[in-house]
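Asker: What follows is a single structure, and I will ask about it in a moment.
The values are calculated or read from the model by the stated rules, or taken from the named source; none is laboratory data. Remember, it's a predicted structure, so these values are computed and weren't measured experimentally. Glycine also receives a Cβ, built like all others from the backbone with ideal geometry; neighbour counts cover every protein chain displayed. Remember, those area values only see protein heavy atoms, side chains included, never the ligands or the DNA or RNA. Shrake-Rupley method; radii C 1.70, N 1.55, O 1.52, S 1.80 Å.
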Amino acid sequence: LWADEYGLAAEFLIRSVPFVLRWIPPGSFLMGSLEDEPGRRENEGPQHRVTISKGYWMAETPVTQAQWRAVVEATGRWQRSGTAYALN
């Protein structure tokens, strides 16, 4: 567990595969861009306030195949069949 300029982070291993999660605290922010913002796309508005009522942990990066495999194998709910996985 550590904190840096981006906030609180936690790193752990599952089957020797590293995972980094970031704490997303509760709070409010403006989502979207202003109508007159240069380079604005139509799907970036309207700007509106979003409130997160409960904090949560989110992966720092998209899940890799190695991470997915580690979780699948660690849970024991899936069984490897050749190069694919099938639900037990």
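Asker: Label 7 Å along Cα→Cβ of A74; the stretch 1-39 residues with amide nitrogen under 16 Å?
Answerer: Only 1, 10-22 pass the distance filter.
Asker: I'd like the carbon and sulfur percentage of the solvent accessible area for the chain, probe radius 1.4 Å, heavy atoms only, ligands and nucleic acids excluded.
Answerer: Working: 3950 of 7040 Å².
Its accessible area is 56 percent carbon and sulfur atoms.
Asker: At 222 nm, what helix-only mean residue ellipticity would the chain give, in deg cm²/dmol to the nearest 500, using -39500 (n - 2.57) for each DSSP H run of four or more?
Answerer: Working: 1 runs with 11 residues, N = 88.
Rounded to the nearest 500, the figure is -4000 deg cm²/dmol.
Asker: Moving on to the next point. Taking only protein heavy atoms into account and a 1.4 Å probe, give the accessible area per residue of the chain in Å². Display every interim value, and only then the final one.
Answerer: Numbers: 7040 Å² over 88 residues.
Ligands and nucleic acids excluded, the figure is 80 Å² per residue.
Asker: Consider the candidate values [x] 6.2; [y] 9.4; [z] 5.6; state which one is mean projected area of the Cα convex hull in nm² computed from the structure displayed.
Answerer: It is the value labelled [y].
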